[in-house]
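Read-outs: derived from the displayed coordinates by stated rules, not from any lab. Owing to the predicted nature of the structure, the values given are computational and were not obtained by experimental measurement. Cβ: placed from backbone, ideal geometry, glycine included. Neighbour counts: every protein chain shown.
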Amino acid sequence: MTKASEVTINRPIVSASVRLGLNLGYWGAGNDASNLALAKHADTLGYSVVWVAEAYGSDAPTVLAWIAAQTSAIDIGSAVLQIPARTPATTAMTAATLDTLSGGRFRLGLGVSGPQVSEGWHGVRFGSPLGRTREYVDIVRAALRRERVRYSGEHFQLPLPDGPGKALALTVHPVRDRIPTYLAAIGPRNLELTGEIADGWLPVFFSPAHAAGHLQHLRAGAEKAGRGLDGIDIAPTVPLVTGEDWRTCADAVRAYAALYLGGMGSREQNFYNRLACRMGFEAEAAEVQEKFLAKDRAGAMAAVPLEFIDATALLGPKERIAERMTAFAEAGVTTLTVAPYLPDPDSSAAALRAAVEAAELAGVA
């Protein structure tokens, strides 16, 4: 299996166009003011979209509304709204409201979360994630079309067949006829579903050197819907750390990588760990998980392979980042969403500008 250290980054300039995005991650981690400043800075720099996440802390829609009120051109997106956290109707209401408040700038990113959060926090069984996602998206889109919502599926029935409920239509009119819907997908079947029903894909730990297999599944789903990959926005979130020594920059990403490979899910069900295994890091991923679950956080961070971090991040000086951006563009990425991992707000703001300059240098801006 090819690893990042074996991939040549001195690539020719390509003509593919890549938009830049910003992912602020989870709100409430003590960096709220600087995150808002970053969103406003990205707006002035011409970034395409700013994404906000949620897990079991702050909710994404509230934060997105706050950002929308203080920006003018940049899109706002959920990466992601958790499907088990809301009924489809509630998500449609939220999407329509955010689209109107932002003047047509909302992108709806959805994901099933994981079994620990779904069942432990929301009290919703995690079974049949593909079927639930398909039905969920069907209902959300019907509601956003302002149809009277009637749905008879395996997981959702509207109205309930044995009660006084009646079919209702959304009273709020979104600015756009169709709000772009993105899915967070990792596994092959989920990728195929994304290609079939979504407007965009939100990958994590996306590696250009390992993208072909993912795109094969995405393409298969798109072909089911009678379209190609050019109709799908491929929008990975990629850690961004600027500095002279890319190896030193990689250290700033270790805590994030260790958390996801080792602690996001149980020993038996960790989708990110499985992804690393499919990329050729099976032994290393097992070591990270073993140390993390044993509460050896430092050991887990140290065990994350440098090659894995480099394969899935933008690290080093502007020129090296430009070369890596070329690789992402060649791999089919259309929106490159950066997540700065810098020690202070000024450094993060400078990194956002450096990313713009790198994209221009690479010829993919």
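Note: relative contact order over the chain, using C-alpha pairs below 8 Å and six or more positions apart, is 20 percent. Computed from phi, the 3J(HN,Hα) profile of region 233-241 under the Karplus parametrisation 6.51, -1.76, 1.60 (θ = phi - 60°) reads 7, 8, 10, x, 8, 10, x, 10, 9 Hz, with x in place of Gly and Pro. Whole-Hz Karplus values for region 51-57 come out as 9, 10, 9, 8, 9, 9, x Hz, taken residue by residue from phi with 6.51 cos²θ - 1.76 cosθ + 1.60 and θ = phi - 60°; glycine and proline positions read x.
Close amide H pairs (under 5 Å, H built 1.01 Å from N) link Gly77 with Val50, Trp51, Val52, Arg107, residues at least 5 positions away or on another chain. For Val338, nonlocal amide neighbours, meaning residues 5 or more places apart or on other chains whose placed amide H falls under 5 Å from its own, are Gly21, Leu22, Asn23, Val238. Taking GluC sites (Glu not before Pro) in DSSP loop conformation with at most 16 other Cβ atoms inside 10 Å as exposed sites, the chain has its longest uninterrupted site-free stretch at 1-146. Across region 179-195, coupling constants 3J(HN,Hα) worked out from phi with the 6.51/-1.76/1.60 Karplus curve, θ = phi - 60°, read 7, x, 10, 10, 10, 7, 9, 10, x, x, 5, 5, 5, 5, 4, 4, x Hz, and Gly and Pro carry x. Between the amide H of Ile234 and those of Trp201, Thr334, Thr335, distances stay under 5 Å, these residues lying 5 or more places away or on another chain, with hydrogens modeled in the peptide plane. Kindly list the residues of region 168-208 that lie in the label zone of His155, defined by a backbone N under 18 Å from the point 7 Å along the Cα-to-C-beta vector. Hits in region 168-208 for His155 at 18 Å: 181-202. Going by a ≥ b ≥ c, the root eigenvalues of the Cα gyration tensor, does the chain fall in the rounded group (a/c under 1.5), the prolate group (a/b larger than b/c) or the oblate group? Taking the square roots of the gyration eigenvalues as a ≥ b ≥ c, the chain is prolate. Lys pairs in the chain, Cα-Cα under 29 Å, at least 8 apart or on separate chains: how many? For the chain, the number of qualifying lysine pairs is 4.
Of the trypsin sites (Lys or Arg not before Pro) found in region 276-365, those in coil by DSSP whose Cβ has at most 15 other Cβ atoms within 10 Å are Lys295. Between Ala65 and Glu282, the C-beta separation translates, for a Förster distance of 56 Å, into a calculated FRET efficiency of about 0.85. When you count the other C-beta atoms within 10 angstrom of each residue and take the mean per peptide, 161-173, 121-133 line up highest first as 121-133, 161-173. A helix-only calculation puts the chain at -13000 deg cm²/dmol for mean residue ellipticity at 222 nm, using -39500 (n - 2.57) for each DSSP H run of at least four residues, averaged over all residues.
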